[in-house]
Amino acid sequence: MRMRNAKAFGSLAMLGATALIVAGCTAGNTTAPTDAATDSTQLPSTDWVRADASEVQDGGSVTLAVSALPVNFNIYQIDGNDSDTNDIVETTLGGPIKIDESGSPVLNEDYASSAEITSEDPQVVEVRLNPEAVWEDGTPITVADYVATWQANNGSNAEFINVSTAGWDQIESIEEGDDEYHVVVTFSSVYADWQSLFTSVLKESVASDPAAFNEGFLTSAMPSSGPFVITNVDTTGQIVTAERNPLWWGETPKLDRILFQAVSQDQQGSSFANGEIDALYISSNADLYETAQGVDGADIQATNGLTWTHVTMNASDGPLADVNVRKAVASIVNREQIAAAANTPVGVPAVTQGDYIFMAGQEGYEDAALPYDPEAGAAFLEEAGYTQEGEEWVRDGETLELTVTVPADTATNIQRAEQVQADLGEFGIPVELVTVPVAGYFSDYVIPGDFEMVSFSWVGTAFPISTAEPLFSPLDSEQNFTGTTEEALGDLWDRANSELDPQARIEIANEINEAIWDYVPMFPIAPLPEVWAVADGLVNYGATQFETIDWTLVGWAAE
């Protein structure tokens, strides 16, 4: 199960918030490292096989794997904020903004004829919606849907358990302009990443009712406004079926249907080899890479990624409430070794992640990480009042022991946790791995804060500054699982989000990065590449760093 923070926009339907990934990094890396690693700047931003509509067969189906069926189909609700759910829902939703191959936001003409700033003081954005765009029941998509979506996400009503209020809480009003298809958005303060709020929208009936928003789509799909509509959720067979939307107003999709089959991460390689699924997310899994190489005709693709693995430490109580203990853990874990074990076996660069906002290769990236330094780790523990007694670290008669909560049957997550366990254990800090069901990993453990340490991946967006904020600030953010924050971050992010000059924004973001490293609520480990294998003939789908998938063009190459 991947939680998206970078497979940006290729599968992320909601650009305004980062999403999570259960897995990521070092999945069953039993293959010896190879020297085939390439400079990250040489990897393309999109590596799938491109084909024009005339070159794609009409009809057919594609079967894609997810680790588990959604626990909530509403991607704006916190329980729906995972990569698998976004992968499914993105076939059914869209909005005025999409992301191109370079990572730039561009107009999506299926949903709007224009979306632009018409005033800077105050900031006003006007969107001209496509009058032909409708919900699956034929109801037009209008300004009322945008008003309701804003009000559900701006934090004014605590009954809505949303992913993030970032950006939404800076909107002063959304009003009808010339008609119901003219959306006039007035901001209370400048919001530089305004486009991130317009990649999709909720139907008014969903967004205006907290009960529907939070619990109305636990086992059934939200209303579709995209080229496909979910027609069946088979909880017995663990399959979600999406079929052509008969009311879709754009170009007719090439595929008749898309099947999302729940397959455990451990089984996805064999499922791909047996032809049961048509694409395989390899990431840094050397065993999957080797399996894919043995599949006739499989196209192995690789791009840079925005996904980054990390260890989140729960600072709300226990030993990790002490910043020096957190700094010690971050200094003792050998991130370089984990990165090398993860990436080199699949022929992509092995680099560590040292920035909480930008990815290596992105403009603004600044490595401010605590270096691997066990001696510094010992000094941090001594500063926290611990003394080394034999092979243990003790404070006030209590031995320092920690736990990592891991989801069952996710080789990548478990192996990464085992490496953390080994590094800390060798240093004298015993670590127990607590295995929990994968389906409830986030909803039952991560989100409620029932853990000491967890490790998954954040998948971000093409708007890294604003979308990183809720991971750290405020304390009660729905995405801040660390149990702590730094008060100065709020003002810093306010400045960054209201700064329209790109270089000035980067400078503020660098200040934020350094401030987070000062209290280290989590520590990044490594960026994950986008490595995929797709079945022979599957086009317009696969590895991408940014690009929004055009589901009307995904299909099988014409013979």
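Looking across the stretch 161-192 at every residue that is crowded, with 22+ Cβ neighbours inside 10 Å and part of a loop (DSSP other than H, G, I, E, B), the one that is farthest from the chain's Cα centre (by Cα) is identified as Y191. Exactly one residue among W458, W493, W517 is of a type in the set (F, W, Y) and assigned to a strand (DSSP E or B), and that residue is W458.
Being over 22 Å from the mean Cα position of the chain (by Cα), part of a loop (DSSP other than H, G, I, E, B) and either closer than 8 Å to D145 by Cα or of a type in the set (D, E, K, R) (or both) is the filter here, so list the residues in the stretch 197-211 that pass it. Of everything in the stretch 197-211, those that are over 22 Å from the mean Cα position of the chain (by Cα), part of a loop (DSSP other than H, G, I, E, B) and either closer than 8 Å to D145 by Cα or of a type in the set (D, E, K, R) (or both) turn out to be K203, D209.
Among residues of the stretch 45-59 that are under 10 Å from A557 (Cα atoms), those with a beta-carbon under 8 Å from a residue that is among the basic types (K, R) and in a loop (DSSP other than H, G, I, E, B) at least six positions away or on a different chain give the pairs A53/K254; V56/K254; Q57/K254; D58/K254. Residues in the stretch 370-401 that are hydrophobic (A, V, I, L, M, F, W, C) and either in a loop (DSSP other than H, G, I, E, B) or touching a helix residue (DSSP H, G or I) at 6+ places or on another chain (Cβ under 7 Å) (or both) were compared, and the one that is surrounded by the most Cβ atoms within 10 Å (Cβ to Cβ) is L381. The set of residues from the stretch 321-353 being of a type outside the set (S, T, Y), at pLDDT 95 or above and crowded, with 21+ Cβ neighbours inside 10 Å comprises V325, R326, K327, A328, V329, A330, I332, V333, R335.
Name the single residue, out of those in the stretch 354-373 being under 18 Å from the mean Cα position of the chain (by Cα) and under 11 Å from I465 (Cβ atoms), that is modelled with the lowest pLDDT. Checking each candidate, the answer is Q362. Within the stretch 94-110, the set of residues being surrounded by fewer than 24 Cβ atoms within 10 Å (Cβ to Cβ) and assigned to a loop (DSSP other than H, G, I, E, B) comprises D100, E101, S102, G103, S104, N108, E109, D110.
Any chance the stretch 368-382 includes a residue that's under 25 Å from A462 (Cα atoms) and touching an Asp or Glu at 6+ places or on another chain (Cβ under 9 Å)? Yes, because at least one residue in the stretch 368-382 is under 25 Å from A462 (Cα atoms) and touching an Asp or Glu at 6+ places or on another chain (Cβ under 9 Å).
Please determine whether any residue of the stretch 453-473 is aliphatic (A, V, I, L, M), surrounded by 15 or more Cβ atoms within 10 Å (Cβ to Cβ) and farther than 26 Å from N153 by Cβ. Yes, there is a match, as at least one residue in the stretch 453-473 is aliphatic (A, V, I, L, M), surrounded by 15 or more Cβ atoms within 10 Å (Cβ to Cβ) and farther than 26 Å from N153 by Cβ. Just so you know, in the stretch 539-559 the residues that are in a strand (DSSP E or B) and surrounded by fewer than 24 Cβ atoms within 10 Å (Cβ to Cβ) include one that is nearest to the chain's Cα centre (by Cα), and it is V539. When the stretch 402-447 is examined, which residues are found to be in contact (Cβ under 8 Å) with a residue 40 or more places away in the chain, surrounded by fewer than 22 Cβ atoms within 10 Å (Cβ to Cβ) and among the charged types (D, E, K, R)? Within the stretch 402-447, D409, D423 qualify. Within the stretch 37-52, the presence of a residue that is modelled with pLDDT under 50, more than 23 Å from N304 (Cβ to Cβ) and in a loop (DSSP other than H, G, I, E, B) is excluded.
All of T241, T231, T186 fail the test of being in contact with a strand residue (DSSP E or B) (Cβ under 6 Å, 6 or more places away or on another chain), polar (S, T, N, Q), at pLDDT 95 or above and closer than 23 Å to E469 by Cα, apart from T186. Of all residues in the stretch 253-275, those that are touching a helix residue (DSSP H, G or I) at 6+ places or on another chain (Cβ under 9 Å), assigned to a loop (DSSP other than H, G, I, E, B) and either at pLDDT below 95 or within 20 Å of G60 (Cα to Cα) (or both) total 2. Can you find even one residue in the stretch 230-239 that is over 29 Å from A543 (Cβ atoms) and more than 23 Å from the chain's Cα centre (by Cα)? Looking for residues that are over 29 Å from A543 (Cβ atoms) and more than 23 Å from the chain's Cα centre (by Cα), one finds at least one in the stretch 230-239, hence yes. Taking the stretch 397-413 as the range and being of a type in the set (S, T, N, Q) and within 25 Å of V438 (Cβ to Cβ) as the test, the residues that pass are T403, T405, T410, T412, N413. For the stretch 160-199, which residues satisfy the criterion of being among the acidic types (D, E) and either touching a residue at least 24 places away in the same chain (Cβ under 8 Å) or at positive phi (or both)? Once the filter is applied, which keeps residues that are among the acidic types (D, E) and either touching a residue at least 24 places away in the same chain (Cβ under 8 Å) or at positive phi (or both), the stretch 160-199 yields E172, E175, E176, E180, D193.
The values are calculated or read from the model by the stated rules, or taken from the named source; none is laboratory data. The model shown is predicted, which means the values in this text are computed figures rather than measured ones. In this analysis, Cβ positions are derived from the backbone assuming ideal geometry, glycine residues included, and neighbour counts consider all displayed protein chains.
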